[in-house]
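Asker: Quick one: the structure is below, and I'll ask about it shortly.
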There are 2 protein chains.
Amino acid sequence: MTNDLLALDSAAQDLLFREAHTAHAFSDEPVSDEQIQAIYDLVKYAPTSLNQQPLRVVLVRSEEARERLVGLMSDGNKAKVAGAPLTAILAVDNEFHEHLPRLFPAYPNAKDFFTERPAREGSARLNGTLQAGYFFLGIRAAGLAAGPMTGFDGDGITKEFFTDGNHSVLAVVAIGKPGEQAFFPRGERLAFDEVFTTV
Amino acid sequence: MTNDLLALDSAAQDLLFREAHTAHAFSDEPVSDEQIQAIYDLVKYAPTSLNQQPLRVVLVRSEEARERLVGLMSDGNKAKVAGAPLTAILAVDNEFHEHLPRLFPAYPNAKDFFTERPAREGSARLNGTLQAGYFFLGIRAAGLAAGPMTGFDGDGITKEFFTDGNHSVLAVVAIGKPGEQAFFPRGERLAFDEVFTTV
């Protein structure tokens with residue numbers, strides 16, 4: 001009924017939202033670099049404060065890197081990373097402000113808002129997480145299943161996969177075609193009135 | 001060319017991503033409660049850790065509330081809030097864990113992960129921001145324009161619009177049909193190789 005109020009067609013509503021579902025097991029079918037590039041070509045339009053785009057992504061493809069990552073995931077997530085054809089580490093570059101003269105030329109001094117590291121870290125975390133939400137939807141837009149995870153040793157992953165000390169990990173996401181018994185029953189969602197108030 | 005790699009149809013790609021664009025001015029056409037309900041009915045499926053759904057939204061409709069909010073926005077954002085038919089304050093409930101026995105019944109003790117307030121705040125901020133990214137896309141899915149903003153007095157908004165001390169503001173978003181000169185030129189996006197590395 002409420003569909004009449006949406007401009008998005010119902011097939012897209014289903015693909016991205018209504019039938020999209022966190023996957024816990026994946027098939028062996030590989031995920032190509034070209035698929036990830038097509039996803040990025042779509043989700044790169046996510047809005048960020050002053051166009052700062054702090055998200056950085058490590059694609060974990062080699063067996064050696066996958067094993068290192070599995071060792072840093074919480075127990076409940078190890079099998080998901082071990083079994084997915086591709087896993088991505090989503091992080092932010094806390095030195096994103098160095099790119100602002102190029103990314104936000106309308107305000108050449110935008111970089112100066114971020115001289116303090118804590119201000120940079122807060123802004124990077126907020127905007128990078130918005131981009132992560134877009135990236136999850138991009139995975140669904142490519143007809144793939146996403147298994148986003150936040151249970152891991154974040155400091156360990158940062159040290160192991162980002163050696164410059166300038167990055168913070170946000171989330172890890174397994175990517176692929178769903179395998180057998182990939183999905184758990186959908187959890188209850190809060191009702192509109194539990195989330196929204198009007199003033 | 002890369003579109004062949006996506007399952008999402010090209011009209012939906014354009015609506016949500018390629019032609020979606022932060023709006024800076026809005027027409028007078030109202031945004032109804034039914035439209036916001038339809039948006040929520042779509043974006044409520046965003047994945048969150050342990051299905052925690054910490055996002056809470058205040059819809060600022062009355063003139064009195066709008067004036068209070070305008071006073072707490074940074075100078076560059078006051079006109080946008082004053083001129084939009086509807087503005088939403090996106091925040092998180094740092095006491096979200098009280099709902100976990102209902103929202104994540106598969107693990108009845110999930111609430112115990114969050115006995116410490118800093119752990120709750122970090123998780124709420126991460127997951128609520130993911131939900132905010134979905135909400136922005138939901139606004140586009142409804143054929144509306146979104147003007148997300150992070151320039152405001154966050155402590156002031158928290159005190160003014162959430163009196164229980166349990167909420168943190170993430171972002172403010174103006175919602176409506178685009179007005180005249182609503183859009184600035186699209187800012188440059190980082191190239192794939194600047195964002196992604198493979199290991």
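Asker: Can you tell me which residue within the range A:92-123, out of those that are under 14 Å from B:LEU190 (Cβ atoms) and outside any helix (DSSP H, G or I), is nearest to the chain's Cα centre (by Cα)?
Answerer: A:VAL92
Quick grid of which residues meet (1) within 11 Å of chain B (Cβ to nearest Cβ); (2) touching a His at 6+ places or on another chain (Cβ under 6 Å); (3) touching a residue at least 12 places away in the same chain (Cβ under 8 Å):
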{"position": "A:HIS97", "(1), (2), (3)": "no, no, yes"}
{"position": "A:LEU130", "(1), (2), (3)": "yes, no, yes"}
{"position": "A:ILE157", "(1), (2), (3)": "no, no, yes"}
{"position": "A:ALA191", "(1), (2), (3)": "yes, no, no"}
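Asker: Still on this structure: Which condition breaks for A:GLU67 when tested against (1) in contact with a Gly (Cβ under 7 Å, 6 or more places away or on another chain); (2) more than 7 Å from chain B (Cβ to nearest Cβ)?
Answerer: (1)
Asker: Do you know which residues across the range A:171-189 are within 7 Å of chain B (Cβ to nearest Cβ) and either under 30 Å from B:ASP4 (Cβ atoms) or of a type in the set (Gly, Ala, Ser) (or both)?
Answerer: If the condition is that a residue be within 7 Å of chain B (Cβ to nearest Cβ) and either under 30 Å from B:ASP4 (Cβ atoms) or of a type in the set (Gly, Ala, Ser) (or both), then A:GLY187 is the only one that fits.
Asker: So the check is Cβ under 8 Å with 6+ separation or different chains; which pairs have a first residue in the range B:28-46 that's within 7 Å of chain A (Cβ to nearest Cβ) and acidic (Asp, Glu) and a second one that's surrounded by 14 or more Cβ atoms within 10 Å (Cβ to Cβ) and in a helix (DSSP H, G or I)?
Answerer: B:GLU34/A:THR2; B:GLU34/A:LEU5; B:ASP41/A:THR2; B:ASP41/A:PHE192
Asker: In the range A:51-64, how many residues are at the interface with another protein chain (Cβ under 7 Å from one of its Cβ atoms) and touching a residue at least 24 places away in the same chain (Cβ under 8 Å)?
Answerer: Residues flagged as at the interface with another protein chain (Cβ under 7 Å from one of its Cβ atoms) and touching a residue at least 24 places away in the same chain (Cβ under 8 Å) within the range A:51-64 amount to 9.
Asker: A further question follows. Which ones in the range A:145-199 are within 30 Å of B:ILE157 (Cβ to Cβ) and among the charged types (D, E, K, R)?
Answerer: Once the filter is applied, which keeps residues that are within 30 Å of B:ILE157 (Cβ to Cβ) and among the charged types (D, E, K, R), the range A:145-199 yields A:GLU188, A:ARG189, A:ASP193, A:GLU194.
Asker: Also: Which of the strands (runs of 3 or more DSSP E) found entirely inside the range B:138-199 contain at least 3 residues meeting this: of a type outside the set (Gly, Ala, Ser) and in contact with a Gly (Cβ under 8 Å, 6 or more places away or on another chain)? Break it down stepwise before answering.
Answerer: Values: elements: B:145-149, B:167-176, B:196-198.
Of the strands (runs of 3 or more DSSP E) lying wholly inside the range B:138-199, those with at least 3 residues that are of a type outside the set (Gly, Ala, Ser) and in contact with a Gly (Cβ under 8 Å, 6 or more places away or on another chain) span B:167-176.
Asker: May I pose another question? Scan the range A:66-84 residue by residue and report those that are out of contact with any helix residue (DSSP H, G or I) (no Cβ under 8 Å at 6 or more places or on another chain) and surrounded by 18 or more Cβ atoms within 10 Å (Cβ to Cβ).
Answerer: A:ASN77, A:LYS80, A:GLY83, A:ALA84
Asker: Another question, if that's okay. Can you tell me which condition A:ALA23 does not meet? The list is (1) out of contact with any strand residue (DSSP E or B) (no Cβ under 7 Å at 6 or more places or on another chain); (2) touching a residue at least 60 places away in the same chain (Cβ under 8 Å), and all the others hold.
Answerer: (1)
None of the figures in this text is laboratory data; all of them are computed from the coordinates on show. Everything numeric here is computed off the predicted structure, so don't read it as measured data. Note that we place each Cβ from the backbone using ideal geometry, even for glycine, and neighbour counts take in every protein chain shown.
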